[in-house]
Amino acid sequence: MKTKVFLLNNIVDITYGNKFDLKNMTFDNPSVNFISRTALNNGVSARVDRINNIKPYPGGCLTVALGGSIGAAFYQDTPFYTAQNIAVIHFKENISYLAKLYLCQVIKFETQNKFRAFGRELNKHIKADFTVKLPVNQDNCPDWELMENYMKSLKYKYITTKIKNMPLNLNTRLWKEYILENLFNFYKGKRLTKEDMVPGNINFIGAISENNGVREKIETDYFYPPNCITVNYNGSVGEAFYQSQPFWASDDVNVLYAKDFWNMNKYIAMFIITVLKANKYRFGYGRKWTMEKMKKTVIKLPGGEDGMPDFIFMENYIKSLPYSDKI
């Protein structure tokens, strides 16, 4: 296979996105994906309302994180807005989404060792001198058809869902404020050094942003029971996950169990986790989300008539989402 190094800006059109802040978006009738600098969930951090007079980017583009998870590249099949430090790639030719996925992987590969936050940042190079190595055709141009066929040759299985209905309406203007310590009992994780770890079958939850927080599996007689939420106060601050299996949490992680007056399940947890993660912009490496700060944190949730959160609505909302049957 013949290949050639291309200046990316010569084969596609690159723009710098909307540069919106998620905290300033509204969520009354969310219909547009909001792409941020995360390496998770295809770059989608939320669904937001469409803004009058601002047309979303169309489906069919690629997005590339220029900060945060630098180089995280995704194919967007539906309209979207972007946060700051996101490049949007538009194609000059009509090529298949599989060929675009191929280019995503090449972009990720090219950024792995060449760019880093607070050092050689990608935003200064993406339109200037960022290059990609691609297969070429007889005209010495990118061979998009070969890339498409290569992707077709890979073994994969489509994820399907039986949920066909539209999600329930979220009217955030009617949400109420709740202090976290009034909803949860808090526990701090326990320190465990690498030298003391023994490989086993119990999940070890670290302060990371992927793999549901599971850094590795260890052997231990001490573990936290499941049906709770873990939130990083250090490391990847503010990342939150639902734990459905017994686990050990590191001392960089806070563990939240529902208070006795309500019963948590995975659907309610997923709703609350999304709200928790929307608050992580307030904290970072220099301002950790310590247990005391977390206890006093105020979040907004759908409110019930009795003054308590409407947990039934939260559960039903998550169940109304496509692919919720895969949770």
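The values are calculated or read from the model by the stated rules, or taken from the named source; none is laboratory data. All figures in this text were calculated on a predicted structure; none of them were measured in a lab. Methodologically, a virtual Cβ is constructed for each residue, glycine included, from the backbone with ideal geometry; neighbour enumeration extends over all protein chains shown. These area figures cover heavy atoms from the full protein model, side chains too; ligands, DNA and RNA do not enter into them. Shrake-Rupley method; radii C 1.70, N 1.55, O 1.52, S 1.80 Å.
Please give the FRET efficiency for Thr3 paired with Asn41, using the beta carbon to beta carbon distance and R0 = 35 Å, rounded to the nearest 0.05.
Calculated transfer efficiency: 0.65.
Would you work out what percent of the accessible area of the chain, with all protein chains in place, is carbon or sulfur (probe 1.4 Å)?
Carbon and sulfur atoms account for 50 percent of the accessible area of the chain.
Stretched out fully, how many nm does the piece from Lys164 to Cys141 gain, at 0.36 nm a residue minus the Cα gap?
4.1 nm
Expressed as a rounded percentage, what relative contact order does segment 85-227 have, with Cα pairs under 8 Å and six or more residues apart?
15 percent
Can you figure out the FRET efficiency of Ser236 with Lys190, using R₀ = 30 Å and their beta-carbon distance, to the nearest 0.05?
Efficiency, from the Cβ-Cβ distance: 0.95.
With a 10 Å radius around each residue's Cβ, average the other Cβ atoms per peptide and rank 71-77, 304-310, 175-181, highest first.
Sorting 71-77, 304-310, 175-181 by mean packing, highest first, produces 71-77, 175-181, 304-310.
Order Met291, Met147, most accessible first, counting only protein heavy atoms with a 1.4 angstrom probe.
In descending accessible area the options line up as Met291, Met147.
Among all the lysines, which ones have a C-alpha under 23 Å from Lys190's C-alpha, if same-chain residues fewer than 8 places away are not counted?
Lys217, Lys259, Lys277, Lys280, Lys288, Lys293, Lys295, Lys296
Once the Cα atoms of helix 97-111 and of the chain are each reduced to a long axis, what angle between those two axes, in degrees from 0 to 90 to the nearest 10, is obtained?
The answer is roughly 80 degrees.
In square angstrom, rounded to the nearest 10, how much accessible surface does Leu192 have for a 1.4 Å probe?
40 Å²
Please give the length that would be gained between Lys300 and Met197 if that part of the chain were fully extended, namely 0.36 nm times their separation in residues minus their C-alpha to C-alpha distance (nm, one decimal).
Going from the current span to full extension adds 33.2 nm.
Is segment 202-265 rounded, prolate or oblate when judged by the Cα gyration tensor, a ≥ b ≥ c being the square roots of its eigenvalues, rounded requiring a/c under 1.5 and prolate requiring a/b larger than b/c?
Because a/c hits 1.5 or more and a/b fails to exceed b/c, segment 202-265 counts as oblate.
Does anyone have the angle between helix 266-277 and the longest principal axis of the chain? Alpha-carbon axes, 0 to 90°, nearest 10?
Result, in degrees: 70.
Which of Leu146, Met166, Asn316 sits closest to the plus end of the dipole of the chain, meaning its Cα is farthest towards the positive end, when Lys and Arg get +1 and Asp and Glu get -1 on the C-beta?
Leu146
Can you list the aspartates and glutamates whose alpha carbon is less than 18 Å from that of Lys92, not counting same-chain residues fewer than 8 positions off?
Once the sequence-local aspartates and glutamates are set aside, what remains near Lys92 is Asp13, Asp77, Asp139, Asp143, Glu145, Glu148.
What FRET efficiency, computed as 1/(1 + (r/R0)^6) with R0 = 25 Å and r the Cβ-Cβ distance, is obtained for Lys217 and Leu98, rounded to the nearest 0.05?
0.15
In debye, nearest 20, what is the charge dipole magnitude of the chain about its Cα centre with +1 on Lys and Arg Cβ and -1 on Asp and Glu Cβ, if you could check?
The calculation lands at about 500 debye.
For segment 110-259, state the average projected area of the convex hull of the C-alpha atoms over all orientations, rounded to one decimal in nm².
Across all orientations, segment 110-259 yields a mean hull projection of 16.6 nm².
Over the chain, with the other protein chains present, what is the accessible area per residue in square angstrom, probe 1.4 angstrom?
Here the residues of the chain average 55 Å² of exposed surface.
Taking the Cα atoms only, what angle lies between the long axis of helix 144-153 and the longest principal axis of the chain, rounded to 10 degrees?
With rounding to tens, the tilt is 50 degrees.
Antiparallel as a % of all DSSP beta bridges within segment 170-312, to the nearest 5?
Roughly 90 percent of the DSSP beta bridges within segment 170-312 come out antiparallel.
Run the simple label-point estimate for Lys266 and Asn24 please: 7 Å along Cα→C-beta, distance reported in nm.
About 3.8 nm, to one decimal.
Length gain on complete extension for the stretch Lys124 to Asn171, per 0.36 nm per residue less the alpha carbon to alpha carbon distance?
Full-extension gain reported as 13.0 nm.
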